[in-house]
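Asker: Sharing a structure below in structure tokens format, with a few things to ask.
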Amino acid sequence: MHSSFARRPALLAAAAALALAGCAQTTVAPQAATPAAAPAAPAAAAPAPQPAWKQGMPASMASSTLAPLAGKLTVTPADQIPLDRAKLPPGFKAEIWATGLPGGRAMAMADNGKIYVGTRGIGRVYEVTDNGSSRSVRVVVDKLNQPAGVAWNKGSLYVMAIDKVLRYDGITTNPAAAPVDMTAAFKLPKEQHHNWKYIAFGPDGKLYVPFGAPCNICELPSPEYAQIRRYNPDGSGMEVVATGVRNTVGFDWHPTTKELWFSNHGRDWMGDDMPNDTLHRMQKVGLNYGFPYCHEGKLPDTDVKKANACTGVEQPVALMGPHAASMGVMFYTGTMFPPEYRGALFNARKGSWNRTTKTGFDVVVVKAGADGRNAKVEPFMTGFMNPADQTFWGRPAYLAQMKDGSVLVSDEQLGAIYRISYSK
């Protein structure tokens, strides 16, 4: 409560007392003065609420200078993007494909090749049109509440913000297409923390939507959080398919088994090296992935405890690095890249903030069996961060495969999209 509101009852009472005293003096004979009551001491101002990102910080780390890294939400011209610092395996090439998308995150490709890009902090959804030698960018919608989720299905663009679901029909040919508001059908939870979305349509035609934990670490206030759901395209038929998922903002389906694989962010403030972000495989509906009691499949939480915390918890396919911000997940199904990459999973790691020595800031490739066993995590696109002085220039966030087999990588920090191609 603000102190001005806290003092208002006392001030009103004092004013009323003075008014009554004045009236008495004009109608009653003078009498001995009564000592005035001492004014009420002003109420102490309520302490400022703790920022959400500090929740779960132990007292031993109260003096820590770690804090989320500010994004650059202004346009970065192509000649100011140092893409020559990016490193790729031999035969691969990176080029700037599009710029002018501040805060650009997840990408959804329309049937005609247009790319739609969601954002978080800036509140926009972009449309990118390939004109052959160049790309043009326009804003589809602005001033939404973290519209990170974009998906394409049967001629329509779906946009999901924290508190809004919109569907744009025929938008590739009609830039002025008015959205259909589908919000009521999806019954969105109200809490904002970790409630920005990554959304995608699965092989079953359903729309998959995660709802992250409303905290860094806590007992869930209700069961509608820390889960993945799926819906019919119209928002009906909601089904919870996974629980105990702290915050997944990237997933894809295995090209052979059609099983969902997803990234998951570990909690903050358990130290530099734990817990890891994780990569998971959903081999059936209804599995539990541990949050809030268990991380990495075998690491009990230090604050939210219960007996046998990790019993029955699904084990990850791979550990993706502590605080690495494991984001976009994409199985490669093209033929441009060498055979050893076909069927492999690519993962963009946006980079850590809750770690003394930074990690992530890259794209890695995960090679594993279809059953998730024998996973190996290998670097693919690096050079966004300089380990020597801990500076960084870019933060890769999401991936999309083009029809020719090349791969797009979005850079949220610089608002750009890079195209990765291969030739012998």
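Asker: Work out, step by step, the length gained on full extension between R342 and K403: first 0.36 nm times the residue separation, then minus their alpha carbon distance; give nm to one decimal.
Answerer: Between R342 and K403, full extension yields 20.5 nm more.
Asker: Taking only protein heavy atoms into account and a 1.4 Å probe, give the accessible area per residue of segment 184-260 in Å².
Answerer: That works out to 36 Å² for each residue.
Asker: Let me ask something else. Restricting to DSSP loop positions (anything but H, G, I, E, B) with no more than 11 other Cβ atoms inside 10 Å of their own Cβ, which trypsin sites (Lys or Arg not before Pro) remain in segment 287-396?
Answerer: Hits after loop and neighbour filter: K305, R373.
Asker: So for the pair K258, A62, with labels modelled 7 Å out along Cα→Cβ, what separation do we get in nm?
Answerer: Computed distance between label sites K258 and A62 equals 5.6 nm.
Asker: Continuing with this model, one more query. Within segment 94-116, what residues put their amide N at less than 19 Å from the label point 7 Å along the Cα-to-Cβ vector of R138?
Answerer: Under 19 Å, as judged by backbone N against the label point of R138, lie 98-102, 108-116 of segment 94-116.
Asker: Mind jotting down the three principal axis lengths of segment 50-119 based on Cα atoms? Whole angstrom, largest first.
Answerer: For segment 50-119, the Cα extents along the three principal axes come out at 52, 31, 23 Å.
Asker: Also, I was wondering about something else. Using Cα positions and a limit of under 18 Å, work out the lysines in reach of K424, with same-chain residues fewer than 8 apart set aside.
Answerer: Within the straight-line limit of under 18 Å, K424 reaches these lysines: K87, K93.
Asker: May I ask you to compute the full-extension gain from N174 to A46, defined as 0.36 nm times their residue separation minus their alpha-carbon distance, rounded to one decimal in nm?
Answerer: Full extension from N174 to A46 adds 40.9 nm.
Asker: Working with all protein chains in place, sort D169, D411, D84 by solvent-accessible area computed with a 1.4 Å probe, largest first.
Answerer: Output order, biggest surface exposure first: D84, D169, D411.
Asker: If you plug each phi of segment 380-385 into the Karplus form 6.51 cos²θ - 1.76 cosθ + 1.60 with θ = phi - 60°, what whole-Hz ³J(HN,Hα) values come out, in order, with x for Gly and Pro?
Answerer: Values, residue by residue: 10, 10, 10, x, 6, 10 Hz.
Asker: Show which lysines lie in cross-link reach of K187 when reach means a straight Cα distance below 19 angstrom and same-chain residues fewer than eight apart are skipped.
Answerer: Output for K187: K164, K197, K206.
Asker: Summarise the accessible area of segment 290-424 (1.4 Å probe, protein heavy atoms) by the percent that is carbon and sulfur.
Answerer: The computed percentage sits at 48.
Asker: Same structure, new question: Each residue of segment 221-233 in order: what ³J(HN,Hα) in whole Hz does its phi give by Karplus 6.51 cos²θ - 1.76 cosθ + 1.60, θ = phi - 60°, with x for Gly and Pro?
Answerer: Result, rounded to whole Hz: x, 7, x, 7, 10, 6, 8, 10, 10, 9, 10, 5, x.
Asker: Moving on to the next point. Label point 7 Å out from D272 along Cα-to-Cβ: which residues of segment 58-78 have amide N under 16 Å?
Answerer: Answer for segment 58-78: 61, 64-67.
Asker: Could you tell me what percent of the accessible area of segment 72-220 is made up of carbon and sulfur, with a 1.4 Å probe and every protein chain present?
Answerer: Carbon-and-sulfur percentage of accessible area, whole number: 49.
Asker: Round to the nearest 0.05 the FRET efficiency obtained for K190 and S423 when R0 = 45 Å and r is the Cβ-Cβ distance.
Answerer: It comes out at approximately 0.35.
Asker: Then there is this: Pick out, in residue order, every one of the trypsin sites (Lys or Arg not before Pro) in segment 140-184 that is DSSP loop and has at most 15 other C-beta atoms within 10 Å; say none if there are none.
Answerer: Loop-located and lightly packed - K143, K154.
Asker: Now, a different point. Run the quick spin-label model on D234 and A70: label points 7 Å from Cα toward the beta carbon, then report their separation in nm to one decimal.
Answerer: The two pseudo-label positions are separated by 4.8 nm.
The values are calculated or read from the model by the stated rules, or taken from the named source; none is laboratory data. Since the model is a prediction, treat every value here as computed from it, not as a measurement. Cβ atoms come from the backbone with ideal geometry, glycine included; neighbour counts cover every protein chain shown. Please note that ligands, DNA and RNA were not included when accessible areas were found on the heavy atoms of the full protein model with its side chains. Shrake-Rupley method; radii C 1.70, N 1.55, O 1.52, S 1.80 Å.
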